[in-house]
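What follows is a single structure, written as structure tokens, with notes after it.
Read-outs throughout are calculated quantities, based only on the coordinates presented, and are distinct from any laboratory measurement. Model, not experiment: these values are computed from the prediction. Neighbour counts run over all protein chains shown; Cβ positions are idealised from the backbone, glycine included.
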Amino acid sequence: MKSILWEDWKTVFHYTGVCLFFLSFTLLIPVVAAVILKEFNTAVDFSFGFLSLFILGLLFRLLFQPERDASWLHGLCVTALTWLLATLVIALPYYLSGHFNSYLDACFDAMSGLTTTGLSIIQQMDHLPLSLNLWRHILTFIGGQGIIVIALIFLPPLGVGFKALVGEGKEDRLIPSVKETGKAIWMISFIYLGIGTALFWVIGKMAGLSSFWSLFHGVCMFMSSWSTGGFAPQSINTLYYHFPLFEAVCMLFFILGSMNFGLHFYIWFKDKKELFKDIEIKSFLATLFFCLLLLSLGLVRSGNYSQPAALFRKGFFILLSGHTSTGQMTIYTTQFLNQWGDLSLLAVMLAMVLGGASGSTAGGLKGIRIALFFKSILFEIRRFFYPQKAVLIEKIHHFGDRIIEEKLVKSALIIILLFVLMHLGGAIAGMINGFGFIPSLFESISAGANVGLSCGITQASMPNSLKVVYILNMWLGRLEFTSIFVFLFFVFRSIFQLKR
Amino acid sequence: MKHIPLLTTAFLLLFLTGLMSLSPIYAMESPESAKTSVSIHELLSRPEIYDQQVIYIEGEIVGQVLRRKDGAWFHLKDKDGLMIGIWTSHAVVDNFSFLGRHGIRGDYLGITGVYYKICPLHGGDTDIHLNEVVYHIVGHPLPKSPVSPIKAYFLILLFLSGLLLWLVNYRLQKKTNND
């Protein structure tokens, strides 16, 4: 194994600096919004955030000049470190706003936004400055596309580009050029932003909002839905609107957001039929149907939502919100435990674990891994029905036919196992802090799969240790372990070498 | 040169520690209650007692009024910070003076109404159908707090540091390009 040198650290720091530098400019959006809305204190808070990230990025760029080409090791470390440092600095304006009890709480919200989780422990949310409220949604929008994707557009071709992008869970190149892939991801998102905001604006007006508020809620709710973020401008989330059509549009956009960016690109520019062929769509529909069956049985047994409209607006909405890892809610958090019953909760938990598609804004195990898991089980069974010497080939369709190789299955199974261990670990942490098994598991899955549904544990008053566990879960879940494990190994190995 | 990253980190940490002391804690007080009201948490926790019963609740109006053809929605936020939708007539919402949001303390209401755990009229929403506004304290805009001078000094200092760094970076890049 090669030893880690100071040159390696310099490469990692340099490219992390580049990413942070470009990310810092996004913080000018809330500064401008705050000035326009005459929220000057908030403008100052966000200026602190912008300048801190700008300086940190520049310092890293200046002080650490890379003396070697970036390798996979560097790329993955850059991703992990960028997400961590970005969270720590973005939490600064949150904390200065006075809407968080501690810096840890501010970090929790920043990580939740960046990872598109949607769990929140903000105080007095219904009295937030508009610019701060808007920024929370923009942050999910940025996090959904990926913060490396922003830097990628500006990075030189020989930089850390594709390696860091893989660390962020966006390994499908839409176009051969990595830079163009980054641009394509943002182009797709901005086109949907325009369409989505307009649609939400019209429906917001129908729901009874004034033009201004309809636009504000429209932008926020589009970003929340498309990024599968789950935040909403008001504390009771989507329940605030009391309007089925508004909820339907939310569902439309969180389904679209949970689809692979590559699939959007394929449908738009290459072959529309891909929508019906892609394995992740088939996998999503199958698991959604199964979970819906469980949920309906559970809700009928618990005696709730006997009307089809209620079953759809509460049951199906929450299930879909969980499955796409969005986390928007049309019920109160406490109602999960008080009214839903264990079977319904199990269905929602299962949906949250499974998650959306790979290369999308969604979290969870991802459709492709679920498909690989079940295909490999079927493959093992099928083998017994053929002669021993027969060579069997199993294929999946994901942007063309792909042969299922053992390496692919192994990697999918490892990630599935790691997710399961993480969810269990989070549940144990919850139980250590005095919560029951079901709520602890529910909340742990929600954090780790970047969903954001809550059964009531996530509050500002919850123990700090649990907040730290959930922050780690959100970070691990969003970056899907590899880059963080590689980074931690990189750190520990450096320390070990120093000691020697 | 070796100590520069350490010194930079120490400077940033010191700077951030200074900033920490500048954060205010945002809190709102509720006016004195006229009579004992049930909390929203209580309504949600014990639906078997309160479902489809007339209850009394107090809170600040927050968010916007959502006007529909046959009525209007508004939202009350109680002292625990929980919020619930209230369904009422247009005539009632016409009397509201201030809707709570950033910089505005909304009107404070005490109301009676029927609580629905799963409302049959509104697609299963958890809501209250208003019977009567028992009392009404008009809200008011909150005084705007000026930007703290210490915050402003810190910001200027940070801005100058950023500018200096950017100039150094610009000159270095220009030099590299020329080489």
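Things worth noting here:
- Value of relative contact order over chain A, rounded to a whole percent, pairs C-alpha under 8 Å and six or more apart: 17
- Neighbouring partner chain Cβ atoms per residue of B:118-129, average, 10 Å criterion: 6
- Neighbour-count ranking [beta-carbon atoms within 10 angstrom, fewest first] of A:Thr79, B:Thr176, B:Thr126: B:Thr176, B:Thr126, A:Thr79
- Radius ratio Rg over Rh of region B:29-141, counting only Cα atoms, Kirkwood formula for Rh: 0.94
- By the compact-protein rule of thumb, 2.2 N^0.38 Å, the alpha-carbon radius of gyration of region A:1-123 corresponds to a ratio of 1.19.
- Peptide-level mean, for A:217-225, of C-beta atoms on other protein chains within 10 Å: 0
- Each distinct pair of alpha carbons in the protein assembly as shown adds a 1/r term; the inverse of their mean, the Kirkwood radius, is 26.2 Å.
- If you wrap the tightest convex hull around every Cα atom of region A:264-412 and split its volume per residue, you get 146 Å³.
- Among A:210-219, A:438-447, sorting by the average number of other beta carbon atoms lying within 10 angstrom of each residue, highest first, gives A:438-447, A:210-219.
- Estimated 222 nm signal from helices in chain A, with DSSP H stretches of n ≥ 4 weighted -39500 (n - 2.57), rounded to 500: -21500 deg cm²/dmol
- HN-Hα J in Hz across region A:274-284 - Karplus 6.51, -1.76, 1.60, θ = phi - 60°, x for Gly and Pro: 4, 4, 8, 9, 4, 5, 5, 5, 4, 4, 4
- Number of partner chain Cβ atoms within 10 Å, mean per residue of B:161-170: 4
- Region B:129-164-region A:219-239 distance, computed between alpha-carbon centres (Å): 23
- Excluding same-chain neighbours fewer than eight residues apart, the lysines reachable from A:Lys389 by a Cα-Cα span under 26 Å are A:Lys375, A:Lys407, A:Lys410.
- Reduced Cα scattering model of region A:191-240, Debye log10 I(q)/I(0), q = 0.15, 0.17 Å⁻¹: -0.33, -0.43
- Calculated P(r) tail over 19 Å for region A:334-457, as whole % of Cα pairs: 56
- Cα centroid separation - region A:85-146 against region A:24-68, whole Å: 15
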